[in-house]
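Here the structure is laid out as structure tokens; the discussion comes afterwards.
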Amino acid sequence: MPLGTLVTMIRFDGVTKSYASAANSGSVAVDDLTLEAPTGQITVLVGPSGCGKTTTLRMVNRMITPTSGTISINGTDTASLDTAELRRGIGYVIQHAGLFPHRTVLDNVTTVPRLLGTDKATARRRAMELIERVGLDPSMAKRYPAQLSGGQQQRVGVARALAADPPVMLMDEPFSAVDPVVREQLQNEFLRLQGELGKTILFVTHDIDEAVKLGDQVAVLRVGGRLAQLAPPETLLADPVDDFVAGFVGRDRGYRALAFADAPELELRRETTVRLGASVDDVRSAGDDWVLAVGDDGEPLGWVRVAAVEREVTRDLLQRGGTVATSDGSLRALLDAALSSPSGRGVVADPDGRLLGTITASEVVPVIEARQRGAARVIATGPTGIRHVDGGTT
Ligand SMILES: Nc1ncnc2c1ncn2[C@@H]1O[C@H](COP(=O)(O)OP(=O)(O)OP(=O)(O)O)[C@@H](O)[C@H]1O
């Protein structure tokens with residue numbers, strides 16, 4: 001066919017996979033699955049262990065052959081294609097990256113393009129571009145997989161899968177084997193990359209938080225390989241079809257759903273700010289228990305408890321526990337900033353990271369309630385969408 005770049009929708013039509021066994025008539029891993037993974041979007045398959053996620057994914061590149069039903073890409077039944085040709089259009093990323101241990105990072109990334117006939121110099125140049133694009137330092141290219149951290153290996157795995165520029169990507173728990181901080185970085189960079197590349201992606205995870213963060217749509221599977229619900233993440237959280245889905249998406253789904261509510265135009269409090277080195281008199285003149293320290297570019301550095309300052313504001317007095325929300329972020333980020341702030345005032349920055357002001361949880365909650373009542377605009381705004389109150393200095 002070669003998988004076209006214009007339309008790369010993946011379609012499952014009544015797909016079943018059962019494993020015959022001597023002991024019984026066979027166990028069903030995937031049961032009559034019908035779903036569409038739209039072009040240029042991320043479709044996440046999520047569900048408890050053994051619900052058939054990996055089997056579903058591997059039937060797309062025919063590592064597993066369906067017992068019945070059809071899987072088509074661009075309207076062409078994949079069963080009618082030569083498997084080598086089919087796989088050429090499909091990138092595949094797995095947990096632990098699955099890198100070739102005896103090849104360098106560069107050789108890992110160039111392997112598939114070289115097999116496909118790309119000349120060495122071109123393959124290397126593209127590989128170096130990709131290595132940087134997934135957030136790795138070019139100096140890593142000469143290393144072997146064992147000389148990289150788990151997160152770095154996953155990045156190489158993503159770069160390798162992208163190397164032949166396939167329109168379709170299959171990703172099986174690609175970020176599960178790394179710690180939560182690295183995982184979040186990988187997720188964010190993956191979303192950034194997908195924003196540039198627009199691949200048609202099927203992504204498997206057992207983690208509902210990852211599913212709702214990454215998916216344009218999320219397919220929840222139940223054990224026995226049946227589709228329980230296919231919906232955009234907002235819908236899944238707000239309107240689970242049954243108790244199984246409700247239980248799977250979790251009890252705090254109301255809070256999670258806030259991640260999809262854009263922070264609205266806000267009234268922010270102006271904060272009195274101090275720089276590192278500010279004297280105890282400067283700090284006390286703010287007339288508050290807490291002052292916010294900012295850096296040279298106006299970026300928030302951390303809160304300082306006024307009573308803790310003996311002579312001047314030093315780095316070790318900064319409390320960095322609070323998260324910083326951005327004015328173009330979500331209501332969840334805003335509420336989290338307020339709840340995690342030692343001063344009780346959530347720090348809000350502009351997209352470039354400069355302080356705009358602060359807001360408290362008791363100011364965010366009415367905005368959330370208004371949203372739930374369906375009120376479109378709750379607060380009058382200035383031209384920037386940010387209105388300052390309290391008249392202090394920033
Ligand atoms: N080769 C096989 N032979 C027999 N049964 C199999 C085989 N491969 C998978 N299964 C069964 O099919 C079902 C689905 O397995 P699959 O690996 O697709 O689930 P999964 O949702 O990806 O699970 P996990 O989240 O634990 O990786 C399971 O019950 C599993 O035991």
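Laid out as a table, the results:
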{"read-out": "Gaussian network model of the chain, Cα within-10 Å springs - most flexible of PHE12, PHE100, PHE248", "value": "PHE100"}
{"read-out": "Relative intensity, log₁₀ I(q)/I(0), of the range 313-359 from a Debye sum that treats every alpha carbon as a point, q = 0.13, 0.24, 0.28 Å⁻¹", "value": "-0.27, -0.80, -0.98"}
{"read-out": "Whole-Å semi-axes of the range 251-325's equivalent ellipsoid (Cα gyration tensor)", "value": "30, 14, 12"}
{"read-out": "For the range 266-389: rounded, prolate or oblate by the Cα gyration tensor [a/c cutoff 1.5]", "value": "prolate"}
{"read-out": "Mean Cα-pair separation over length for the range 100-199, i.e. relative contact order, pairs under 8 Å, 6 or more apart, %", "value": "32 percent"}
{"read-out": "Residue-span extension gain [HIS96 to PHE244] - 0.36 nm each, minus C-alpha spacing", "value": "50.3 nm"}
{"read-out": "Per-pair calculated FRET efficiency, R0 = 35 Å: ARG311 and SER49 via Cβ, rounded to 0.05", "value": "0.05"}
{"read-out": "Nearest-ten-degree value, helix 331-340 long axis tilted from longest Cα axis of the chain", "value": "50 degrees"}
{"read-out": "For the chain, projected area of the alpha-carbon convex hull averaged over all directions, nm²", "value": "24.5 nm²"}
{"read-out": "Cα→Cβ-extended label distance, 7 Å offset, between ARG354 and ASP82, nm", "value": "5.9 nm"}
{"read-out": "Using alpha-carbon coordinates, inclination of helix 150-162 to the longest axis of the chain, degrees", "value": "50 degrees"}
{"read-out": "Highest-MSF residue in the chain out of TYR92, TYR144, TYR19 [GNM, Cα springs under 10 Å]", "value": "TYR19"}
{"read-out": "Segment ALA261-GLN187, extension gain: residue separation times 0.36 nm, minus the distance between their alpha carbons", "value": "24.7 nm"}
{"read-out": "Rule-of-thumb Rg ratio for the range 13-100 [Cα; 2.2 N^0.38 Å; N residues]", "value": "1.15"}
{"read-out": "Footprinting exposure proxy for GLU184, GLU267 (fewest neighbouring C-beta atoms within 10 Å first)", "value": "GLU184, GLU267"}
{"read-out": "Fewest-first ranking of MET128, MET63, using other Cβ atoms within 10 Å as the exposure measure", "value": "MET63, MET128"}
{"read-out": "Residue-averaged [θ]222 nm for the chain, counting only DSSP H segments that reach four residues, each worth -39500 (n - 2.57)", "value": "-9000 deg cm²/dmol"}
{"read-out": "Where labels lie 7 Å past Cα in the beta-carbon direction, separation of ASP288 and ASP119 in nm", "value": "6.3 nm"}
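Each reported figure results from applying straightforward, stated rules to the coordinates on display, with no laboratory input. Computed from a predicted model, the values in this text were never measured in an experiment. Cβ: placed from backbone, ideal geometry, glycine included. Neighbour counts: every protein chain shown.
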